[in-house]
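Comments concern the structure below.
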Amino acid sequence: MGLKIVSRVLPGIGVCQELGLHDGRRVGVVTRRNGTRDIVLYDEEGEGAAAAVSLNDDEADAVAELLGAPQLVMRLTNQQSKAAAVITEQLPMPYDSRYAGRPLGDTHARTRTGASIVAVLRGGTTYPSPGPEFVLEGGDFVITVGTREGLDGVAALLATPPG
Amino acid sequence: MVLASGDTASHTATFLVELGAILFALGLLGRAAAALRIPVIPLYLVAGLFFGQGGILDLTASEQFLTVSSEIGVILLLVMLGLEYSAGELLSSLKSQAPIGVLDGLLNAVPGALIALIAGWGGLAAITLAGVTWVSSSGVIAKMLGDLGRLGNREVPSILGVLVLEDLMMALYLPLLTALLAAGGASTVVIAVCVAVGAVTVIIVLAARYGNAVTRIIAPKDAESTEALLLGVLGATLLVAGIADQLKVSAAVGAFLVGIALSGTVAETAVEVLSPLRDLFAAVFFVTFGLRTSPGTLLPALPMAIALVVTTSITKVGTGWIAARRAGVKRRGRWRAGVALIPRGEFSVVIATLAVTAGVEKELGPVTACYVLLSILLAAAVQQLPDKLSVDGSFVPAFLTRRRSVRTPPAQPAPDPPG
């Protein structure tokens, strides 16, 4: 990739980060102290703005998602075409599991099976993107993304009896 | 206080009507400025001219309130300026831009002083006018850069560097001027400047090293209650400004230092809660300055103001050009940096107010009002010019290049298309 981002401190205003694109144009993002983000498209000289728009917090989040979401989908599709189909399943967490009452990190599920735990359902509440410190409980439903093999692996892992 | 004096009932009524009328008028002007896409400061100054002495509406009951409010306005302007900079930013600007700061002072303060002397003003008035022409308006410039979508431009750090250094230099200049105006002897002046230098150095070093500790003294660690934070910061600022004034070191500088001393989330929240107050009291400050100037004195002040604007706009453009070149910016960017620095504003008015209140040179008020007004209007008018330059920075008006391309016959017949 080798993208080079140039940062400029703007005293009293914020910071400007600038990036050269594959076609020689440059774009920049100014993050102001008050949270406003300006997207800048530089002129052919690469020093002055040819166009700029200001985004408030919500708008900046929306644009970030627009730019980020297709990337995620693309990565998933790539995986799909490369290997077996990627599927999602809700795996039950048995009450007598070795991992009930222990943090998610202890399962080493991703390392062992290649599947990712993306959320946990507990009593009608969804806990999205649980970190390794998230404590699992018996009766949870663990939403997992991965190949058939990987999902079976996680299901077996969760069902491991204490010992 | 105004409200407590005289036959209160009718006095209070007059006071409310006057203040309400002023604020309402300013609100309308704010909308007009937004519609015209110009900074609002010139309009506030003009509005002040039309109120008060010799204006269409004579103010009686609110004069004292306006005077106090405008002093609070100066303090709020300065504390907000201090809040916007971190001590680290000030130090790094000082390290990297010091030569530009000196050049900026020489190029822009000296012409002001010279023109004052040529006009036959006294030495004190000349020193004041030097300050008036020296400092660009960080408020107006930041607003213009934002509105034009130029914040991402390569030359912007150079522009802001000049502004940061000017603001720092003001922390020395204002105490110097205050002491001089107080008609102190040489020793008083030296002491005031030494106190200022000491205070600035101590505060910046303290804030850079122990910013959090300093902040905790003034405001609670977690900004749980914005109300407590507002009162705490405002109280501390007024207190320090008052003490600084007692010591003849300029209330404004005291407020600036409080702003620098605060850091982190407390500073961010303080900016949020103080902004509306600053907008209100700063508007009153500009109006009050106009108020003290009667419209009749403006016309005689105009020639001098024009001479000042022409000279010091050229020198400011030069300053910006050199600052940007030093940062390796190409020609168009150098011109953009130059024209960006033209506007003078809040600091010029603050400086002039000090001298006018002290009774130095009657013409100083109207000349400064005209000067600030014209510099901002000129700046607004020429901001777009650098973008019309050709890439190499030579100024070729668009109609010339068009005509030339029509007249000049191709030197050689176009080569046959390949294939």
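The values are calculated or read from the model by the stated rules, or taken from the named source; none is laboratory data. The shown structure was predicted, so the numbers you read here are calculated from the model rather than taken from an experiment. Every residue, glycine as well, gets a Cβ built from its backbone with ideal geometry; the counts of neighbours run over all protein chains shown. In case anyone asks, the SASA skips ligands and DNA or RNA and just uses the protein heavy atoms, side chains included. Shrake-Rupley method; radii C 1.70, N 1.55, O 1.52, S 1.80 Å.
Observations
- Tally, over the stretch A:1-34, of residues that are at the interface with chain B (Cβ under 10 Å from one of its Cβ atoms), open to solvent by less than 40 Å² (accessible area, probe 1.4 Å) and part of a strand (DSSP E or B): 7
- Subset tally (residues that are open to solvent by less than 10 Å² (accessible area, probe 1.4 Å), of a type in the set (Asp, Glu) and facing chain A (nearest Cβ under 10 Å)) for the stretch B:133-166: 1
- Residue match in the stretch B:39-50 (condition: modelled with pLDDT under 90 and not in a helix (DSSP H, G or I)): yes
- Breaking point among (1) over 14 Å from residue B:78 (Cα atoms); (2) in contact with a Leu (Cβ under 9 Å, 6 or more places away or on another chain); (3) within 14 Å of chain A (Cβ to nearest Cβ), for residue B:262: (1)
- Within the stretch B:312-324, being open to solvent by less than 50 Å² (accessible area, probe 1.4 Å) and among the β-branched types (Val, Ile, Thr) holds for B:312, B:315, B:317, B:319.
- Looking across the stretch B:335-345, the residues that are open to solvent by less than 40 Å² (accessible area, probe 1.4 Å) and either farther than 30 Å from residue A:47 by Cβ or within 14 Å of chain A (Cβ to nearest Cβ) (or both) come down to B:336, B:337, B:338, B:339, B:340.
- Among (1) open to solvent by less than 60 Å² (accessible area, probe 1.4 Å); (2) assigned to a loop (DSSP other than H, G, I, E, B); (3) at pLDDT below 90 - the single one residue B:414 does not satisfy: (1)
- Some residue of the stretch B:227-234 being at pLDDT 85 or above, farther than 15 Å from residue B:78 by Cα, of a type in the set (Val, Ile, Thr) and assigned to a helix (DSSP H, G or I): no
- Taking the stretch A:52-106 as the range and being β-branched (Val, Ile, Thr), open to solvent by less than 80 Å² (accessible area, probe 1.4 Å) and modelled with pLDDT under 85 as the test, the residues that pass are A:77, A:86, A:87.
- Restricting attention to the stretch B:351-378, the residues that are among the hydroxyl-bearing types (Ser, Thr, Tyr), closer than 18 Å to residue B:126 by Cβ and open to solvent by less than 10 Å² (accessible area, probe 1.4 Å) add up to 2.
- Total residues in the stretch A:35-57, condition among the polar types (S, T, N, Q) and at the interface with chain B (Cβ under 8 Å from one of its Cβ atoms): 1
- Candidate set from the stretch B:79-115 (those that are open to solvent by less than 60 Å² (accessible area, probe 1.4 Å) and without any contact (Cβ under 8 Å) to a residue 40 or more places away in the chain); member that is nearest to the other protein chains (Cβ to nearest Cβ): B:109
- The residues of the stretch A:119-163 that are within 15 Å of the chain's Cα centre (by Cα) and under 15 Å from residue A:93 (Cβ atoms), listed by number, are A:119, A:127, A:130, A:144.
- Inspection of the stretch B:151-158 identifies at least one residue that is in a helix (DSSP H, G or I) and either touching a strand residue (DSSP E or B) at 6+ places or on another chain (Cβ under 8 Å) or more than 30 Å from residue A:44 (Cβ to Cβ) (or both).
- Positions within the stretch A:101-116 being under 20 Å from residue A:161 (Cα atoms) and not hydroxyl-bearing (Ser, Thr, Tyr), in sequence order: A:101, A:102, A:103, A:104, A:105, A:106, A:108, A:109, A:110, A:112
- Any chance residue B:146 is within 22 Å of residue B:338 (Cα to Cα) and touching a Ser or Thr at 6+ places or on another chain (Cβ under 6 Å): no
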